[in-house]
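Single-structure report; data block below.
Each reported figure results from applying straightforward, stated rules to the coordinates on display, with no laboratory input. For clarity, every value in this text was computed on a predicted model and none was experimentally measured. FYI the Cβ positions are ideal-geometry reconstructions off the backbone, even for glycines, and counts take in every protein chain you see.
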Amino acid sequence: MKLSQLTAYLESLAPLALQEDYDNSGLIVGQSNMEISQALISLDCTEAVVDEAIATGCQVIISHHPIVFKGLKKFNSKTYVERVVEKAIRNNVAIYAIHTNLDNIMTGVNARICETLGLTNTRILAPKQNLLKKLVTYVPVAQAEQVRKALFHAGAGHIGEYSESSFNVEGTGTFKGSENSNPYVGEPGIRHHEEEMRIETVYPANLESKIIMALVLAHPYEEVAYDLYNLTNQHQQIGSGMIGELEVPMDEAEFLGEVKAAMDCTVIRHTAFTGKRVKKVAVCGGSGGFLLKHAIAAGADVFITADYKYHEFFDAEGKIVIADIGHFESEQFTQQLLCEIIQEKFVNFAIRLTKVNTNPVKYFI
Ligand SMILES: [Zn+2]
């Protein structure tokens, strides 16, 4: 199939618009119209992973972390980033990254950590704002349903577990077309009164152009009247980190023992135990230190993340146990998650999980 079929599917689940500003998710190397028959999945796209793709005949590497974060100015194989990009280009291997856009969705990196730890009642720890917008449009009553349907089909009206959400009220619209107009109802040059439905519905901001296109195509008027509103509501299904609960509360040491086994950690660096039993657990794959305040405010007993520095551990202040399980360890199951996501949609497409352990951190025990 074409690479674009795979990337369009991945982006329908984890839209690129949901990535953080510093990120570089998306197609980094390669052309979207190239033919692919096999993909290699990895957490990092290192030189060894590119070698593996070449050796196994994979035309694309899907990695969680982007190999390129910042602009590259020279291509002379002096850094590992340049060597990876150069080698991939020379060998027609595409590189695609699905990073913070996969972190920020309800079924992404953090959901997989929650699942691995057996957490239930999970929700986003720090939901994002300004991702939702509202559309208001005015449609002749007889055509209201066709417009509603088109808007819902394009992705409007989804709120959590609810779809096809809208608010509707009838009223009278007026308009007078110019001599050059071709009104759907009424006569040019004469003010017309029409019974219309005012339809309101919310939509994710990243789908705006698709939704407006659907509205204009389904609406009978020559000039479609609509208003777009910015909403400051939080989007409960999009954001950083997750929080969930253990079915049976347990002792802190016992819980960290379970985490160590489940997440296959060599070591866990953590702050002093508080003496409370662990019920609520906040998680964030990778560098999640910025979420500590959210974890404490949400009443988490333990915060599982990675990349903690010495001074940052003091911020626990006896309110919570910070558990740094290692960046690679926290995100390693993302590889399986990606395999499952792709396999579910493209049943006959070959997926290969990398055999390279890309963790740059080694433990001397
Ligand atoms: Zn990461």
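Amide hydrogen proximity for Ile322: with H placed 1.01 Å from N in the peptide plane, the residues at 5 or more positions away or on another chain lying under 5 Å are Thr271, Phe303. Here the Karplus relation 6.51 cos²θ - 1.76 cosθ + 1.60, evaluated at θ = phi - 60°, turns the backbone of the stretch 337-347 into coupling constants of 4, 5, 4, 5, 4, 6, 5, 4, 8, 10, 4 Hz, with x for every Gly and Pro.
Cβ neighbours within 10 Å, averaged per peptide: list 322-333, 171-182 in order, most packed at the top. Walk me through the numbers before you get to the answer.
Numbers: 322-333: 22.7, 171-182: 11.2.
With the highest mean Cβ count within 10 Å placed first, the list reads 322-333, 171-182.
Net charge dipole, the stretch 1-135: roughly 400 debye, given to the nearest 20, about the Cα centre with Cβ charges of +1 for Lys and Arg and -1 for Asp and Glu.
With Cβ to Cβ distances under 11 Å as the rule, what net charge do the other residues near Leu43 carry (K, R +1; D, E -1)?
Details: positive: none; negative: Asp44, Glu329, Glu331.
Residues near Leu43 contribute -3 overall.
Taking Cβ atoms as reference points and 12 Å as the exclusive limit, the residues near Ser32 contribute a net charge of -1, counting Lys and Arg as +1 and Asp and Glu as -1.
Using the Cβ-Cβ distance between Thr274 and Cys339 with R0 set to 35 Å, the FRET efficiency from 1/(1 + (r/R0)^6) comes to roughly 0.40.
Taking Lys and Arg as +1 and Asp and Glu as -1, the other residues whose beta-carbon sits under 13 Å from that of Arg90 total -2.
Can you classify the stretch 238-313 as rounded, prolate or oblate using the Cα gyration tensor, where a ≥ b ≥ c are the square roots of its eigenvalues, rounded means a/c under 1.5, and otherwise it's prolate if a/b beats b/c and oblate if not? Rounded is the answer for the stretch 238-313, as its axis ratio a/c remains below 1.5. Projecting the Cα positions of Asn230, Asn348, Phe75 onto the charge dipole of the chain (unit charges on Cβ atoms of Lys, Arg, Asp and Glu, taken about the Cα centre) puts Phe75 furthest along the positive direction. Net charge dipole, the stretch 221-365: roughly 540 debye, given to the nearest 20, about the Cα centre with Cβ charges of +1 for Lys and Arg and -1 for Asp and Glu.
On alpha-carbon atoms, Rg over Rh for the chain using Kirkwood Rh? Each step should come with its number before you reach the end.
Values: Rg = 25.1 Å, Rh = 23.4 Å.
Dividing the radius of gyration by the Kirkwood radius yields 1.08.
Percentage of Cα-Cα pair distances in the stretch 263-365 greater than 22 Å, rounded to whole percent?
Numbers: 2172 of 5253 pairs.
Beyond 22 Å sits 41 percent of the P(r) for the stretch 263-365.
Here's the picture: a label point sits 7 Å out from the Cα of Asn168 along the beta-carbon direction, and within the stretch 185-205 the residues with their amide nitrogen under 15 Å of it are 195-202. What distance in nm separates the two pseudo spin-label positions at Ala17 and Thr266, each 7 Å out from Cα along the beta-carbon direction? Output for this residue pair reads 4.3 nm.
Could you give the dipole magnitude of the chain about its Cα centre, charging the beta-carbon of Lys and Arg +1 and that of Asp and Glu -1, in debye to the nearest 20? Mind showing how you got there, number by number?
Values: 32 positive and 44 negative charges, 181 e Å.
Once rounded to the nearest 20, the dipole reads 880 debye.
Counted residue by residue at 0.36 nm each, then reduced by the alpha carbon distance between them, the extension gain from Arg123 to Ala142 reaches 2.8 nm.
Helix-only arithmetic for the chain: the sum of -39500 (n - 2.57) across DSSP H runs with n ≥ 4, divided by the residue total, places the mean residue ellipticity at 222 nm at -8000 deg cm²/dmol.
How far, in nm, would the chain grow between Glu47 and Ala8 when pulled straight, counting 0.36 nm per residue and subtracting the alpha carbon separation? Each step should come with its number before you reach the end.
Details: separation 39, 0.36 × 39 = 14.04 nm, distance 2.59 nm.
The span from Glu47 to Ala8 would gain 11.4 nm if fully extended.
The share of Cα pairs per 5 Å bin across the stretch 1-134, counted from zero up to the longest distance, runs 2, 10, 18, 20, 17, 15, 9, 6, 3, 1, 0 percent. Note on the stretch 236-365: dipole from Cβ charges, positive end direction compared against Gly288, Phe303, Ile322; the farthest Cα belongs to Gly288.
For the stretch 292-365, trypsin sites (Lys or Arg not before Pro) are listed when DSSP marks them as loop and at most 10 other Cβ atoms sit within 10 Å of their Cβ; the list is Lys309, Lys362.
Per-peptide packing, taken as the mean over residues of other Cβ atoms within 10 Å, places 187-200, 94-107 in the sequence 94-107, 187-200 from highest down. Along the stretch 353-362 the Karplus relation, 6.51 cos²θ - 1.76 cosθ + 1.60 evaluated at θ = phi - 60°, assigns HN-Hα couplings of 8, 4, 9, 7, 8, 8, 4, x, 8, 10 Hz to successive residues, with x for each Gly and Pro. Converting phi to 3J(HN,Hα) with the Karplus coefficients 6.51, -1.76 and 1.60 and the offset θ = phi - 60°, the stretch 167-173 yields 10, 9, 9, 8, x, 10, x Hz in sequence order, with x at every glycine or proline.
Sort 45-54, 249-258 by packing, meaning the average of other beta carbons within 10 Å per residue, with the highest value first. Walk me through the numbers on the way to the answer.
Numbers: 45-54: 21.4, 249-258: 15.5.
The peptides rank, most packed first, as 45-54, 249-258.
Distant-in-sequence amide contacts of Lys133, defined by a placed amide H-H separation under 5 Å and a gap of 5 or more residues or a different chain, comprise Tyr203, Ala205. Relative contact order for the chain: 19 percent, from Cα pairs under 8 Å spaced at least 6 residues apart, divided by residue count.
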